[in-house]
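The values are calculated or read from the model by the stated rules, or taken from the named source; none is laboratory data. It should be emphasised that the depicted structure is a prediction, and the values quoted were computed from it without experimental measurement. Positions of Cβ are generated from backbone atoms using ideal geometry, with glycine treated the same way; all protein chains shown enter the neighbour counts.
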Amino acid sequence: MFPSQEEVRRIRERFPVGTKIVLDHMGNDPHPIPDGTKGVVKHVDDAGTVHCTFENGRYLGLILGEDSFHIDRERSVTEMLAEAAQKVPELKQPSKHRDTHER
């Protein structure tokens with residue numbers, strides 16, 4: 001049975017494009033992706049399937065209630081700095097001003 005349009009809207013809000021996820025366990029897939037594999041959400045279709053690209057190169061749709069996965073809350077230092085640079089323009093470009101004071 002397909003989810004309602006409202007349920008699909010909520011899934012899309014919860015897992016927007018670019019969301020990093022971690023696969024906990026796949027349901028009845030004959031060739032499951034290993035537990036613990038990380039992925040990135042590419043889109044959520046009209047059936048509410050969360051399509052992801054995984055770090056092992058596979059691309060697969062996950063089904064809520066059938067497959068178990070969660071949002072990856074871990075962020076690398078590089079990701080945190082990139083996010084900070086988006087918020088603080090001075091962090092994007094190194095300063096071109098030199099300290100000209102003589103000591």
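Annotation for the stretch 14-26: no member residue is surrounded by fewer than 11 Cβ atoms within 10 Å (Cβ to Cβ), more than 16 Å from the chain's Cα centre (by Cα), farther than 26 Å from Met80 by Cβ and at pLDDT below 95. Contact map, the stretch 1-19: first residue on the phi > 0 side of the Ramachandran plot, second residue crowded, with 16+ Cβ neighbours inside 10 Å, Cβ cut-off under 7 Å, separation 6 or more or different chains; pairs are Gly18/Val41. Checked against the criterion of being within 19 Å of Glu79 (Cα to Cα) and part of a loop (DSSP other than H, G, I, E, B), the candidates Gly36, Gly18 yield just one match: Gly18. Looking at the structure I just gave you, is Gly61 under 18 Å from Glu74 (Cβ atoms), touching a strand residue (DSSP E or B) at 6+ places or on another chain (Cβ under 9 Å) and small (Gly, Ala, Ser)? No: the conditions fail for Gly61. On the stretch given as the stretch 39-80, residues that are of a type in the set (A, V, I, L, M) and farther than 22 Å from Val8 by Cβ total 2. In the set (1) touching a residue at least 24 places away in the same chain (Cβ under 8 Å); (2) out of contact with any Leu (no Cβ under 7 Å at 6 or more places or on another chain), the condition left unmet by Gly48 is number (2).
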